[in-house]
Amino acid sequence: MDVILLQLLNGLDKGGAYALIALGLTLIFGTLGVVNFAHGALFMLGAFCAVSFHEILNIEMVAIDPEKTTAWGTPLEIRTPYVETYLGDFGHWMLNYSVPVSILLAIPVMLLVGFVMERGLIKHFYNRPHADQILVTFGLAIVLQEIIKTVFGANPIPQTAPQTVRGAADIGAALGFDPGVIVYPYWRMVYLGFAAAVIGAVFAFLKFTTFGMVVRAGMADRDTVGLLGINIERRFTIVFAIAAVVAGLAGVMYTPILPPDYHMGMDFLVLSFVVVVVGGMGSLPGAVAAGFLLGILQSFASMNEVKAILPGIDQIIIYLVAVVILLVRPRGLLGRKGVMES
Amino acid sequence: MVLKNSSPTSDLIFFAVFAVAVLTMPVWLEPIGAGYPDLLQKFAIYGLFATGFNLLFGLTGYLSFGHAAFLGVGSYTAVWTFKLLGMNPIPAVIMAIITSGIFALLIGYVSLRRSGIYFSILTLAFAQMSYNLAYSVLTPITNGETGLRVLRSDPRLFDGAGEAQGPLLANLFGFEMTGYAGFYFCAVVLLIGFFIAQRIFRSPFGIMLRAVKTNQNRMTYTGLNPRPYTLAAFVISGMYAGLAGALLCITDPLAGAERMQWTASGEVVLMTILGGAGTLLGPILGAALIKYFENIFSAFNEQTLHEIFGFLPDFLEYPVVSVSSLFVGEGWHLTLGVLFMIIVIFLPGGLMEGVSRITRLFRRKPQKSEPSRATAPAE
């Protein structure tokens, strides 16, 4: 029982990341009808927003203390980040909380990136075949990835979670199991809560605002909404930007869990596509459900007990599930009829 | 587009010209710095891979994102054949074709139940499964991360195992498959593959495959079941990929799992699109271009750039070099991505569309003055 609970928890945070990326992919697909292979790159860009924010904060002032010397006999250098010098405690707090605070940077940046991408490139691909859309966004993903590689280098850049949430919680003890059995890092809990909040916000936005209503109408029947005199294209541009922000935020918050490097986007993209297809193309609840489901399945499959029976199952479980679901339930878990079938 | 201007004679002439062009590649590619055997082998091998991929994607329109799996299976089979039977490339090639064909039959049978993006995801899923398994559980067969290679202690039934001397290279009746001998072997295999592809393009079977791409519903209504045709195309194209994988091991007897990764599948898609899907020559051109960029551009560094742009005045030279250095060396992928986007945006038919646009441009003017000019380009 405790092992199962532990794996459930382990699967949830990864599932959260899958769900967030898949949600954005589905939003874009459902509204614009575009298969966006650059969505993983957006996730990566978000992660690098956190990295650059951290690096900007860490621009240091170097002072040489003439009184003291280091063990090697050179004068001791005292390095203090400028934010700390100018802002004092608040600066220190900012440094500590650089990952969550960088959300404030990531939101405008990702909005801009999404907007430029949609207006500059995707717009011209509405009426082209899906293969062309896949290919051009794939090319874009390579370009974005290589730009990040030139700027930040090829090595992963670890980011730290804020001090207060750096440890791990002994959830097991709180639930009445033996202490030390179910230990779950606080940051993953934060990530899970964050993912749930973002997903909830997106759904609420689509469900309860007039804008969201128009977007949903546009997803159902784009032409009719256009005939009613609504500029659906502009709304869809905003939806694209929102999807970019969702992917970016997923990336920002994921940095303490996985040190970001330039190809992290591609790694997540493949899995997210599988998630989208399993959930059903164009179904938002499907994407979220499938994201968490596959995350949990993956962590269950990596249990030693399971691996002993089916060696290697942890490596292939997601794809295996995808194959089975596509063959048994061709439209995915919650897919609508007639999406992407021609 | 493909069906017009094709007569048996023009096909033969086209094939002959192509054969001469391929076999003389070492000569006419010398001036652009591609006239060395390692790169030429890659041109031939990836050209073959892309030709096979094109038989599926170009004709039927099914976009497989998992073709690298067959390349990997072909490679592993070839190395195992070396290990068990000896270093002669011919059994390796045959075994690789058979194994990858069986593999493609299994995957294709399942994947072809769905179409569109679902098909792409299914093939991708199978390829990723093979890749992950090759890396982890199948290590006894694939030797995991290290890669599978031929060892001196292997049984090698036909050519005397345990011989202490001599390098462990593929050996066709005394010719070691490295350098130009390796290239010519690959080139001959490419020509055979190209000839078969050309026959398929012209055959009733090829027309059926195009019918699948154009309108599957209508095909079903006329009483034809498209599934056997697409499955056959899938298997044939998987065999081409396996053959290419075997050739990779014949020129360099080492098989690694990274050959099956989805980026490798993406690469062959890029090659085919870049050259022009659905044309005979396009995929080979695309493959050669990408491999050329990979080898030549990635070898550039700032020094060579300074030499190239040395004619510019100094105040121009520095910015030009620093900008272009982003696109060469380590950053050649950036060039690839940009080039690729430009092609998809402006020339969706790939390079071959560009070529046919240009020829049309040139042909339109003289047609008014001399209407008798009837030499049609073969493609």
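The values are calculated or read from the model by the stated rules, or taken from the named source; none is laboratory data. Just so we're clear, the structure is a prediction, and the values are computed from it rather than from any experiment. As a convention, Cβ positions derive from the backbone with ideal geometry for all residues, glycine included, and neighbour counts pool all protein chains shown.
Of the residues A:GLY212, A:GLY226, A:GLY218, which is surrounded by fewer than 16 Cβ atoms within 10 Å (Cβ to Cβ) and either in a helix (DSSP H, G or I) or of a type in the set (Phe, Trp, Tyr) (or both)? Quick ask: steps written out before the conclusion?
Details: A:GLY212 fails: surrounded by fewer than 16 Cβ atoms within 10 Å (Cβ to Cβ); A:GLY218 fails: surrounded by fewer than 16 Cβ atoms within 10 Å (Cβ to Cβ).
None of the other options fit; the residue is A:GLY226.
Taking segment B:308-337 as the region of interest, how many residues are within 14 Å of chain A (Cβ to nearest Cβ), in a helix (DSSP H, G or I) and either in contact with a strand residue (DSSP E or B) (Cβ under 9 Å, 6 or more places away or on another chain) or not hydroxyl-bearing (Ser, Thr, Tyr) (or both)?
Residues meeting the conditions: 9.
Looking only at segment B:81-108, count how many residues are within 14 Å of chain A (Cβ to nearest Cβ) and of a type in the set (Val, Ile, Thr).
So in segment B:81-108, the residues within 14 Å of chain A (Cβ to nearest Cβ) come out as B:106-108.
Okay, now just the ones that are also of a type in the set (Val, Ile, Thr), so B:107.
Residues meeting the conditions: 1.
This table checks each residue for (1) part of a helix (DSSP H, G or I); (2) among the hydrophobic types (A, V, I, L, M, F, W, C).
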| position | (1), (2) |
| --- | --- |
| A:LEU9 | yes, yes |
| A:LYS14 | yes, no |
| A:GLY30 | yes, no |
| A:ASN36 | no, no |
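Exactly one of (1) hydrophobic (A, V, I, L, M, F, W, C); (2) surrounded by 24 or more Cβ atoms within 10 Å (Cβ to Cβ); (3) away from chain A (no Cβ under 14 Å) is unmet by B:ALA277. Its number?
Looking at each condition in turn, B:ALA277 falls short on (3).
In segment B:127-144, how many residues are facing another protein chain (nearest Cβ under 7 Å) and in a helix (DSSP H, G or I)?
Of the residues in segment B:127-144, the ones facing another protein chain (nearest Cβ under 7 Å) are B:128-129, B:132-133, B:136-137.
Pick out the ones that are also in a helix (DSSP H, G or I) and you get B:128-129, B:132-133.
Residues meeting the conditions: 4.
Just one of the numbered conditions (1) free of Cβ contacts under 8 Å to residues at least 24 places away in the same chain; (2) away from chain B (no Cβ under 11 Å); (3) of a type outside the set (Ser, Thr, Tyr) is not true of A:ALA244; which one?
Condition not satisfied by A:ALA244: (1).
Restricting attention to segment A:212-230, report how many residues are among the polar types (S, T, N, Q) and under 21 Å from A:VAL202 (Cα atoms).
First, pick out the residues of segment A:212-230 that are among the polar types (S, T, N, Q): A:224.
Filter once more, so that each one left must be under 21 Å from A:VAL202 (Cα atoms): none.
Going through segment A:212-230 one residue at a time, the tally reaches 0.
Would you check which residues across segment A:83-141 are under 16 Å from A:ALA244 (Cα atoms), β-branched (Val, Ile, Thr) and in contact (Cβ under 8 Å) with a residue 60 or more places away in the chain and list them? Spell out how you get there, then give the answer.
Our first condition is that a residue be under 16 Å from A:ALA244 (Cα atoms); within segment A:83-141, this holds for A:102-123, A:137-138, A:140-141.
From what is left, the residues that are β-branched (Val, Ile, Thr) are A:103, A:107, A:109, A:113, A:116, A:122, A:137.
Of everything in segment A:83-141, those that are under 16 Å from A:ALA244 (Cα atoms), β-branched (Val, Ile, Thr) and in contact (Cβ under 8 Å) with a residue 60 or more places away in the chain turn out to be A:ILE103, A:ILE107, A:VAL109, A:VAL113, A:ILE122, A:THR137.
This table checks each residue for (1) of a type in the set (Val, Ile, Thr); (2) within 14 Å of another protein chain (Cβ to nearest Cβ).
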position: B:VAL110; (1), (2): yes, yes
position: B:ARG114; (1), (2): no, yes
position: B:ILE117; (1), (2): yes, yes
position: B:GLY147; (1), (2): no, no
position: B:ASP154; (1), (2): no, no
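Could you grab me the full set of residues in segment A:203-218 that are touching a Leu at 6+ places or on another chain (Cβ under 9 Å) and closer than 20 Å to A:LEU25 by Cβ?
Of the residues in segment A:203-218, the ones touching a Leu at 6+ places or on another chain (Cβ under 9 Å) are A:203, A:206, A:212-213, A:215-217.
Once the filter is applied, which keeps residues that are touching a Leu at 6+ places or on another chain (Cβ under 9 Å) and closer than 20 Å to A:LEU25 by Cβ, segment A:203-218 yields A:PHE203, A:LEU206, A:GLY212, A:VAL215, A:ARG216.
Which condition does A:ASP89 not pass, out of (1) within 13 Å of chain B (Cβ to nearest Cβ); (2) surrounded by fewer than 18 Cβ atoms within 10 Å (Cβ to Cβ); (3) acidic (Asp, Glu), if it passes all the others?
That leaves (1) as the condition not met.
Just checking: which of the helices (runs of 4 or more DSSP H) contained wholly in segment B:1-75 hold 1 or more residues that are over 18 Å from the mean Cα position of the chain (by Cα) and not polar (S, T, N, Q)?
Details: elements: B:8-23, B:25-28, B:37-60.
Correct list: B:8-23, B:25-28.
Restricting to segment B:117-151, name every residue that is over 16 Å from B:SER75 (Cα atoms) and of a type in the set (Phe, Trp, Tyr).
B:TYR118, B:PHE119, B:PHE126, listed by residue number.
Inside segment A:276-298, can you point out the residues that are of a type outside the set (Gly, Ala, Ser) and over 17 Å from B:THR123 (Cβ atoms)?
So in segment A:276-298, the residues of a type outside the set (Gly, Ala, Ser) come out as A:276-278, A:281, A:284-285, A:288, A:292-294, A:296-298.
Within segment A:276-298, A:LEU284, A:PRO285, A:VAL288, A:PHE292, A:LEU293, A:LEU294, A:ILE296, A:LEU297, A:GLN298 qualify.
Is segment B:236-256 home to any residue that is in contact (Cβ under 8 Å) with a residue 40 or more places away in the chain, within 13 Å of chain A (Cβ to nearest Cβ) and under 30 Å from B:THR81 (Cβ atoms)?
no
If you take the residues of segment A:54-82 that are in contact (Cβ under 8 Å) with a residue 12 or more places away in the chain and in a helix (DSSP H, G or I), which of them is nearest to A:VAL165 (Cα to Cα)?
First, pick out the residues of segment A:54-82 that are in contact (Cβ under 8 Å) with a residue 12 or more places away in the chain: A:54, A:57-65, A:76-82.
Still in the list and also in a helix (DSSP H, G or I): A:54, A:57, A:82.
Working: A:HIS54: 17, A:LEU57: 20, A:TYR82: 25 Å.
By that ranking, first place goes to A:HIS54.
Taking A:ASP132 as the residue in question, decide whether it is of a type in the set (D, E, K, R), at pLDDT below 85 and under 30 Å from B:GLY266 (Cβ atoms).
Values: of a type in the set (D, E, K, R): yes; at pLDDT below 85: yes; under 30 Å from B:GLY266 (Cβ atoms): yes.
Yes, satisfied.
Of all residues in segment B:340-361 being crowded, with 17+ Cβ neighbours inside 10 Å and facing chain A (nearest Cβ under 8 Å), which is farthest from A:LEU135 (Cα to Cα)?
So the residue we want is B:PRO348.
Any chance you could count how many residues in segment A:124-174 are within 13 Å of another protein chain (Cβ to nearest Cβ) and over 29 Å from B:GLU330 (Cα atoms)?
The number of residues fulfilling the criteria is 6.
Within segment A:102-136, can you find the residues that are under 14 Å from B:PRO348 (Cα atoms) and either among the β-branched types (Val, Ile, Thr) or in a helix (DSSP H, G or I) (or both)?
Selection gives A:HIS124, A:PHE125, A:HIS130, A:ALA131, A:ASP132, A:GLN133, A:ILE134, A:LEU135, A:VAL136.
Table: residues versus (1) out of contact with any strand residue (DSSP E or B) (no Cβ under 6 Å at 6 or more places or on another chain); (2) over 30 Å from A:GLY212 (Cα atoms); (3) within 11 Å of chain B (Cβ to nearest Cβ); (4) at pLDDT below 85.
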site	(1), (2), (3), (4)
A:MET281	yes, no, yes, yes
A:GLY286	yes, no, no, no
A:ALA289	yes, no, no, no
A:LEU294	yes, no, no, no
A:MET303	yes, yes, no, yes
A:VAL306	yes, yes, no, yes
A:ASP314	yes, yes, yes, yes
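So which residues in segment B:107-148 are closer than 20 Å to B:GLY242 by Cα, crowded, with 24+ Cβ neighbours inside 10 Å and β-branched (Val, Ile, Thr)?
B:ILE107, B:THR123, B:THR142
Can you pull out every residue in segment A:83-101 that is touching a strand residue (DSSP E or B) at 6+ places or on another chain (Cβ under 7 Å) and either at pLDDT below 75 or in a loop (DSSP other than H, G, I, E, B) (or both)?
Of everything in segment A:83-101, just one residue is touching a strand residue (DSSP E or B) at 6+ places or on another chain (Cβ under 7 Å) and either at pLDDT below 75 or in a loop (DSSP other than H, G, I, E, B) (or both), namely A:THR85.
Determine if segment A:138-145 includes at least one residue that is among the hydrophobic types (A, V, I, L, M, F, W, C), under 20 Å from A:VAL252 (Cα atoms) and at pLDDT below 80.
Among the residues of segment A:138-145, not one is among the hydrophobic types (A, V, I, L, M, F, W, C), under 20 Å from A:VAL252 (Cα atoms) and at pLDDT below 80, which makes the answer no.
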